[in-house]
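Engineer: First, the structure itself, so that you have it in front of you.
The values are calculated or read from the model by the stated rules, or taken from the named source; none is laboratory data. Computed from a predicted structure; not experimentally measured. Heads up, the Cβs are rebuilt from the backbone with ideal geometry, glycines too, and the neighbour counts pull from every protein chain shown. Protein only, heavy atoms only, side chains kept; ligands, DNA and RNA dropped before computing areas. Shrake-Rupley method; radii C 1.70, N 1.55, O 1.52, S 1.80 Å.
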Amino acid sequence: MANIALRVLEQALKLVLVLIAVTFLAFALVEASPIDPVAAYVGSEAADHMDPAQLERLREYFDVGTPFLERYANWLSGIVRGDMGVSLIYKEPVIDVILAKIGPSLGLMLTAWLFSGVLGFVLGVIAGVYRDSPADKIIKGYSLLMASVPTFWFAMLLLIVFSVWLGLFPIGLSVPVGVSASEVTLADRLYHLALPAITLSVLGVASIALSTREKTVDILEQDYVLFAKARGDKLGKIVRQHVLRNISIPAITLQFASFSEIIGGSILVEQVFSYPGMGQAVVSAGLQGDAPLLLGITVVIAVMVFVGNALADVAYGIIDPRMRRVSHG
Amino acid sequence: MASSANATARPVLQAVKPRRFNQRKKALILLIVSAAIIVAVFAVGTALTDQAIKTSFGSQNIPPCPAHPFGTDWMGRDMFARTFKGLSISIVIGLLASLISTAIALVLGFLTASVGKWLDAVVNFLVNTMMGLPHLLLLVLICVALGKGAFGVLVAVAITHWPSMTRLIRGEVLQLKNENYVLISRKLGHNPIKVAVKHMLPHILPLVIVSFVLLFPHAILHEASVTFLGFGLTPEQPGIGVVLSESLKYITMGMWWLAVLPGASLLIIVVLFDRIGDGLKKLIDPHNAQG
């Protein structure tokens, strides 16, 4: 028991160390960039006409001239206290910008995550159980093709077909234009969320379907399945009793570990649908030299990936009865 | 042993259906055709460099027609030329990035397998750190650090694609290390670099070539995505990401051809590289050819 607690602690420590290293990497990369925070804040033309004393005060505010490691330490301790600095393009605290953007983004990502997971799993099982049937060939071909499709192009295709030609979905934004925030209904939000979420789900199905299919095929070749067949068990019973139990664990682990891919995809999809989430904010922050916002969102995303990986580990322990028995014994 | 005896005995027991092309021949033909298409696309794209940026305000916004198979954009530029030029840029960047990634993976693969556990731990930590962010975001951050542009995106794509190949090479080297001919060569006093080049590299090379080709699709797609977001190639270099991000404003006005055909061409190139990689894998590693 103590042994396992120690292992869990070690694992947790490792994950936290990686998280710190990620923040360091991100900070170093943004620091290395030729972005001048003062110029980004006031605009490069305005900077030329500004009062030198005021410029000096701004420089001090943005820590220009402080050694790199000291600045990293300052920044990190600020983040731990919930202070991520002030966004240069929104002119408000980074934390407020993120809080405003994280809702729509999480809605989009979780919907896509859930749909792609469930759909991919079901398709993978069907393909694996009916191996080499037409259904398998279609599912496999579809998944292999989707693995090569550029995400942003696919989003544009859906935009053209469903929004421009058929007029079924809005062109962009997460809420209707010209309606005050309090009047936006849940239905409005879902309506605007639908197409981006469909894009991410349809693409995300590929990897989970392919891996589930492979696992299903593996399980069906096991001796215990052969024995079950010899015993006269029906296919449905074999799938329920042997296949699903064995493949659900790796599938769930994979799905939790795929947070990172879904986030990457949502950055592109938000851009295409002008969906005002974190993905779009991080892109404008990067393009316009808003270092505090860029770093702030990067940290939030790193934490999300971290939580996904940690959940993958935890889920493994909870779902797998063998792991449970070990931890009790 | 038993399985190979079985395999040779098979024709006696059950007649094998004669097929015109076996798996290997099919793979080879597919590979040559795919490679030829890619070379042709590159050649056409390079030849069309001038047309790709030539504006012509007499022929704006034309849907696909025989004179302009991919239509023209809002500045009268021929989308066929722009698409092929964009693809040829993508191919060059993909090639450079894959070469650099492969070189990094080779060096790190050999080093992590031979220097010692500490280096392995360091590289592992580095990989975990890199995977702590979505790949796309990491690319964006590197591009920001290097000040955007072609150089930034090339470096970003080149230095982020080595982890899986490094792990693959490391595994192979670890196995080879205990082969008798390697052990003997070391006992004879050959220096480690000579052993690596003469006795290990020839075994690993096929694997490296396959992984190198299979890196292409990833590199090309990542370059296009980063460019699409605005961190990669600049509008003067009509990469496929530039073409598609410019068209984003116009597709809501119904100019579907600005996005559909360039993107589909990119998809075809990516699939072709995938096919080449799979074909090579079948030719080089017959064990997996049936899978």
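Engineer: If you average 1/r over all unlike Cα pairs in the protein assembly as shown and invert the result, what Kirkwood radius do you get in angstrom?
Structural biologist: 27.2 Å
Engineer: Between residue B:92 and residue B:164, what FRET efficiency follows from the Cβ-Cβ distance if R0 is 22 Å, with the result rounded to 0.05?
Structural biologist: About 0.45, to the nearest 0.05.
Engineer: Working from Cα positions, state the angle (0 to 90°, nearest 10) between the long axis of helix B:163-176 and the longest principal axis of chain B.
Structural biologist: It is inclined by approximately 20 degrees.
Engineer: Continuing with the same structure: Can you pull the mean other chain C-beta count within 10 Å for peptide B:52-64?
Structural biologist: 0
Engineer: Could you run the numbers on buried accessible area between B and A, total for both chains, 1.4 angstrom probe, in Å² to the nearest 100?
Structural biologist: Counting protein atoms only, the buried area is about 3500 Å².
Engineer: Net charge near residue A:238: determine it from the other residues with C-beta under 15 Å of the C-beta of residue A:238, scoring Lys and Arg +1 and Asp and Glu -1.
Structural biologist: Its environment carries a net charge of +4.
Engineer: Can you tally the net charge around residue B:120? Count Lys and Arg as +1, Asp and Glu as -1, for every other residue whose Cβ sits under 12 Å from the Cβ of residue B:120.
Structural biologist: Neighbour charge sum, excluding residue B:120 itself: +3.
Engineer: Residues of the stretch B:243-264 with amide nitrogen under 18 Å from the 7 Å Cα-to-Cβ point of residue A:145?
Structural biologist: B:260-264
Engineer: Anything losing 30 Å² or more of accessible area from the isolated chain to the full protein assembly: pick those residues out of the stretch B:246-264, probe 1.4 Å, ligands and DNA/RNA ignored.
Structural biologist: With the partner chains in place, the stretch B:246-264 has these residues losing at least 30 Å²: B:248, B:251, B:252, B:256, B:260.
Engineer: Between residue A:133 and residue B:253, what FRET efficiency comes out of the Förster formula 1/(1 + (r/R0)^6) with R0 = 41 Å and r the beta carbon distance, rounded to 0.05?
Structural biologist: Once the sixth-power term is evaluated, E becomes 0.40.
Engineer: When the Cα centres of the stretch A:204-223 and the stretch A:134-157 are compared, how far apart do they sit, in Å?
Structural biologist: Centre-to-centre distance over Cα atoms comes out at 17 Å.
Engineer: Something else about it: With θ set to phi - 60°, apply the Karplus curve 6.51 cos²θ - 1.76 cosθ + 1.60 along the stretch B:57-74 and write out the HN-Hα couplings as whole Hz, x wherever there is a Gly or Pro.
Structural biologist: 7, x, 10, 8, 6, 8, x, x, 8, x, 6, 10, x, 10, x, 10, 9, 6
Engineer: So which residues of the stretch A:137-152 lose at least 40 Å² of accessible area, probe 1.4 Å, when you go from the chain by itself to every protein chain present?
Structural biologist: A:148, A:150, A:152
Engineer: Follow-up question, since we're still on this one. Report, to the nearest whole %, how much of the accessible area of the protein assembly as shown belongs to carbon and sulfur atoms, 1.4 Å probe, protein only.
Structural biologist: Carbon and sulfur atoms account for 66 percent of the accessible area of the protein assembly as shown.
Engineer: Determine the order of A:24, B:228, B:57, B:80 by accessible area, beginning with the largest, at a probe radius of 1.4 Å.
Structural biologist: B:57, A:24, B:80, B:228
Engineer: If you place +1 on the Cβ of every Lys and Arg, -1 on the Cβ of every Asp and Glu, and leave all else neutral, what size is the dipole of the stretch B:156-291 about its Cα centre, to the nearest 20 Debye?
Structural biologist: Magnitude of the dipole: close to 720 debye.
Engineer: At 222 nm, what value in deg cm²/dmol follows for the protein assembly as shown if DSSP H runs of at least 4 each add -39500 (n - 2.57) and the sum is divided by all its residues, to the nearest 500?
Structural biologist: -24000 deg cm²/dmol
Engineer: In addition: Would you mind working out the accessible area per residue for chain B, using a 1.4 Å probe, and quoting it in Å²?
Structural biologist: Roughly 50 Å² per residue, with all protein chains present.
Engineer: Of B:61, B:36, B:188, whose Cα points farthest to the positive end of the dipole of the protein assembly as shown (charges on the beta-carbon: +1 Lys, Arg; -1 Asp, Glu; origin at the Cα centre)?
Structural biologist: B:188
Engineer: Give me a single rounded figure for A:303-313: the average over its residues of other chain Cβ atoms within 10 Å of their Cβ.
Structural biologist: Partner-chain Cβ atoms within 10 Å, mean over residues of A:303-313: 1.
Engineer: Using a Förster distance of 41 Å, how high is the FRET efficiency between residue B:124 and residue B:67, based on the Cβ-Cβ distance and rounded to 0.05?
Structural biologist: My answer for the efficiency is 0.15.
Engineer: If the chain between residue B:264 and residue B:107 were fully stretched, how many nm would it gain, using 0.36 nm times the residue separation less the Cα-Cα distance?
Structural biologist: Contour length minus Cα-Cα distance gives 52.9 nm.
Engineer: In addition: When the dipole is taken about the Cα centre of chain B, and only Lys, Arg (+1) and Asp, Glu (-1) are charged at their Cβ, what size is it in debye, to the nearest 20?
Structural biologist: 1180 debye
Engineer: Can I ask one more? Per-residue mean of other chain beta-carbon atoms within 10 angstrom of the beta-carbon, peptide B:84-93?
Structural biologist: Taking the mean over all residues of the peptide, I get 0.
Engineer: Taking amide hydrogens as modeled 1.01 Å from N in the peptide plane, which residues meet the under 5 Å criterion relative to residue A:86, leaving out close sequence neighbours?
Structural biologist: A:94
Engineer: Another question, then. Could you tell me which of rounded, prolate or oblate describes chain B, using a ≥ b ≥ c as the square roots of the eigenvalues of the alpha-carbon gyration tensor, with rounded for a/c under 1.5 and, failing that, prolate when a/b is larger than b/c and oblate otherwise?
Structural biologist: oblate
Engineer: Which links in B:26/B:282; B:198/B:281; A:140/A:215; B:25/B:282; B:25/B:281; B:177/B:282 stretch past 21 Å when you go from one Cα to the other?
Structural biologist: Violating the 21 Å limit, Cα to Cα: B:198/B:281; B:177/B:282.
Engineer: Let me ask something additional. What Kirkwood hydrodynamic radius, in Å, does the stretch A:104-284 give when the mean of 1/r is taken over all pairs of distinct Cα atoms and then inverted?
Structural biologist: It works out to 17.8 Å.
Engineer: Let me ask something else about it. Figure the gain on full extension for residue B:39 and residue B:60 (residue separation times 0.36 nm, minus the Cα-Cα span) and round it to one decimal in nm.
Structural biologist: Contour length minus Cα-Cα distance gives 4.5 nm.
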